[in-house]
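In what follows, a structure is listed as structure tokens, so that the remarks can point back to it.
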Amino acid sequence: LSTLLETLRACCGLSLGLAPSLLLPPPVATDCTSLGPSERLAFSPAARTRWLAPQVRAPGPLDPLYGMVRHFLSLVQLNPFPSELVRALLNEPSSLKVDEVVRYEAGYVGCAVTAGLYLVAVPTTGLCFCCCRCRRRCGGRVKTEHKAMACERGTLMAFLLLTTIMLLAGVACAFVTNQRTHEQMGPSVEAVPETLRSLRGLVSDVPGELEAVAKQFSVPQEQVLKELDGIGESIGPTIHSQLRSTMYSVLASVHSLGQALQVCTDQLRALNSCLVELQEGQQQLVLALEKHRDRLLALLQQPGCGQDCTDTQDRAQALELDADFTQVPPVGNVLHHLKGVPEAKFSNMVQEENTTFNSLPFLVAMQMELVIKDLKEAVAQKPEGMGTLAEAFPELEAAPRWSRALEELEENSRPYLQEVQRYETYRWTVGCVLCSVVLLVVACNLLGLSLGIWGLSAREDPSQSEAKGEAGARFLMVGVGFSFLFAAPLILLVFLTFLVGGNVQTLVCRSWESGELYQFADTPGNLPPSLNLSHLLGMRKNVSVLLTYQQCREGAALWKVLQLDDSYNLEKHLDISQYTHNLQQNLQNFKPNVQNLELLSPEAHRDLEALQNSGLEKVHYQAFLVQIQRPVVKTDLEQLAQELEGLAQAQGNSSLGQQLRMEAHGLRDLYREKVVPQQNLVGGPSCPEGVRPGAGASWPPGLLGLLPAWTSSFLQESACFLSRELSYFSQYLAWVREEVTQRIATCQPLSAALDNGRVILCDMVADPWNAFWFCLAWCTFFLIPSIIFAVKTSKYFRPIRKRLSSTSSEETQLFHIPRVTSLKL
């Protein structure tokens, strides 16, 4: 009976634990890694090729030379940028005053005077020297040898060698810069039409390119539609994996519940049967105990019974029930409510529910078909802003005029560019020839010095030394002849290239680099209407060239530079929040239907309701425990029977002894037949292992009760999927912003064209051009000391012719032949 009571208390705990255990475990958090990373979309470039590769002159060994030439030109031209002269030249060339031009070009005029003097003086000197040589009046030989002749000869040779080295260095640099100018001129000329073509569609091509950008909204749409086809198959398994541990725990609890419910009902029926049997047995036991007690008391009170009988009377007086099972509350009413329980087969339910849970991915895919259809319809729509991205872009009235002007400029510039290349070829050819002449002069000087020194060192053999010295002197004089002959072409080429390259550097490049050129263009009235940027673009307001250039370099959008902010807003057209809200709303409206996914069958519900309404928790189990802990009879019948047998032996009255023996035998029979069965019923059979108070108190509610957790998991997976799909539209918007602001509607080609123009004109053409004439001028002016030192040194290389004298030594007198005189007869 004690184990039955423990089992019944466990059943009571089960029924009481049903209500609190309906609470769900918290939903499993998700980190959106189950769907994997979003793919990188590929968009086709919508902008035409208007970008120019930035032109940069790489650092090289000629940079110090370029810097020196620029410094020299800054000393030649000290005047600032001539705004008045350039304005008059551009607007009214006839009003240009010569004296103002000469005043501005004062440094170049001084250089022109120097070149003119050189052009007159050197050829004239050469002509005079030639005439003098023909008459043998100059450029001869040393007549007499003296002590200082060796020192003078050495000094002249040293200066000639130093001058020749300077000529060699200059002509080497001239060759290099001449070739560098020629190599840079071709690509620079070809870059002009390329630059004009890049600027031609700066404004007019923008709407068409914006339309191409808007059409590529289909790229993220197609990607989203492609992934929507498999969303049902991906979300279902994810939810299944997230709820698997919780659901399997639920199924284990259901299986334990069925076992506990079966055990409880069986044990309750056994308890009720025990109570009925105990109560019936106690009724018979009470009557038997009363009869034995009355007979024993009558025998023990007889006069013949001794003092021991008096002691036994107290035990005989206690022949009565100790445990009163009539005081135990009845459980019949509880059994009446639990009649037929358990009706459900919990093991079968667990197996069926496990199969249903494993089919969850398929059920989710089926239920999401309609949602996916609605989502596809929402995705296939196009946001309103995308449709007006190109249409809303303001069209400039002067855009066709801008394109036409650049096209005409490109066509008209081609003949001039071809002429530039042709004249550059002439310049390069003449430069190579004149540099070769200078190199020939250097070679003559070196050969002359070498032969002359060789002749001086071989004076032991007069015939050989005179020939070598004479050859050396003649080579020096050939170099002098070439110097006089080509001095005029050299100075003319130097001055012409200097005049062009110097003015390009000081008038254009210097002001371009400092920004004075942009300031001049921004000043009203400086530029004619045909060159005015605001006029070309048809703008009502004047556009600052300097500000436009700075904004374009910073990457400003075209509508900002053209002051069209009020009429066009890119972010307004890229706002697709309403579009994404519709997608999110369609996905969130889906509610999973699990009405057919109930864990408990109707029979199981009736079993639980019967258990809850049975009143099992109201049974007074303490009264059960109190009674079963008491002995059945207050007096130990075995011990009392032994005492009676002892008294019977001690009695002298055989009749009394015989009666006591009969009572002892009757008590043993009563103990064996009535008391022992009740004691066995109170101890009861063993309760099954594992069923203890509180077992089965944790009872989750099945799939229907898991709906909040399932819904939460589904919403989290849906949010992850939505975030993944919206990332494709975010990629598109980021690409549109970059494509529109940096490639389509950007004025960076304008600033790039201006920067490239300055680099090409100033760094790649003007610098080597100016370095060429500078090196050639170096050589040209060093020809003068070369001529002087070559003429003077050649005298010392020729042999010295000694004259015969009458006042010579005696040795000479021996060879004197007297003059023949007439004889007088």
| query | So which of ASP575, ASP607 ends up being crowded, with 17+ Cβ neighbours inside 10 Å, acidic (Asp, Glu) and at pLDDT 70 or above? | reply | ASP607
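Show me the helices (runs of 4 or more DSSP H) entirely contained within region 645-740 in which 1 or more residues are modelled with pLDDT of 80 or more, open to solvent by 10 Å² or more (accessible area, probe 1.4 Å) and farther than 30 Å from GLY385 by Cα. Break it down into steps so the answer makes sense when it comes.
Values: elements: 654-670, 676-683, 702-705, 707-739.
Result: 654-670, 676-683.
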| note | Per the filter on region 483-527, residues part of a loop (DSSP other than H, G, I, E, B) and of a type outside the set (Ser, Thr, Tyr) are GLY515, PRO524, GLY525, ASN526, LEU527
| Within region 278-307, considering residues that are open to solvent by 90 Å² or more (accessible area, probe 1.4 Å) and in contact (Cβ under 8 Å) with a residue 24 or more places away in the chain, the one farthest from the chain's Cα centre (by Cα) | ARG295
| said: Here is a list: VAL192, VAL171. Which entry is closer than 25 Å to ALA766 by Cβ and open to solvent by 10 Å² or more (accessible area, probe 1.4 Å)? | reply: VAL192
| note | Checked against (1) open to solvent by 30 Å² or more (accessible area, probe 1.4 Å); (2) of a type outside the set (Gly, Ala, Ser); (3) in contact with a Ser or Thr (Cβ under 6 Å, 6 or more places away or on another chain), GLU470 satisfies every condition except (3)
| field | Condition met for ALA752 (at pLDDT 90 or above and open to solvent by 10 Å² or more (accessible area, probe 1.4 Å)) | value | no
| said: Looking only at region 351-361, count every residue that is among the acidic types (Asp, Glu) and open to solvent by 50 Å² or more (accessible area, probe 1.4 Å) and tell me the total. | reply: 1
| message | Can you tell me which condition VAL364 does not meet? The list is (1) over 30 Å from GLN584 (Cβ atoms); (2) buried (at least 20 other Cβ atoms within 10 Å of the Cβ), and all the others hold. | response | (1)
| request: Answer yes or no: is there a residue in region 80-91 that is outside any helix (DSSP H, G or I), in contact with an Asp or Glu (Cβ under 6 Å, 6 or more places away or on another chain) and touching a residue at least 40 places away in the same chain (Cβ under 8 Å). | output: yes
| request: Might you let me know whether region 504-522 holds any residue that is modelled with pLDDT under 80 and either over 18 Å from PHE81 (Cβ atoms) or in contact with a Phe, Trp or Tyr (Cβ under 8 Å, 6 or more places away or on another chain) (or both)? | output: no
| How do the pairs read when you match residues in region 789-807 that are under 16 Å from GLU470 (Cβ atoms) and hydroxyl-bearing (Ser, Thr, Tyr) with residues anywhere that are surrounded by fewer than 21 Cβ atoms within 10 Å (Cβ to Cβ) and modelled with pLDDT of 80 or more, using Cβ under 6 Å and keeping only pairs 6 or more apart or on different chains? | THR793/LEU156; THR793/MET157; SER794/MET477; TYR796/ARG153
| Restricting to region 92-105, what's the tally of residues that are acidic (Asp, Glu), more than 19 Å from VAL504 (Cα to Cα) and part of a helix (DSSP H, G or I)? | 1
| message | Being crowded, with 19+ Cβ neighbours inside 10 Å and modelled with pLDDT under 75: is that true of LEU406 here? | response | no
| Does region 332-351 contain any residue that is farther than 30 Å from ASN613 by Cα and modelled with pLDDT of 75 or more? | no
| Is it true that ARG414 is exposed (fewer than 15 other Cβ atoms within 10 Å of the Cβ), modelled with pLDDT of 85 or more and farther than 30 Å from LEU490 by Cα? | yes
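The values are calculated or read from the model by the stated rules, or taken from the named source; none is laboratory data. Model, not experiment: these values are computed from the prediction. Glycine gets a Cβ as well: all are built from the backbone with ideal geometry, and neighbour counts include every protein chain shown. The protein model used for the area step is the full one, side chains on, heavy atoms only, and it has no ligands, DNA or RNA in it. Shrake-Rupley method; radii C 1.70, N 1.55, O 1.52, S 1.80 Å.
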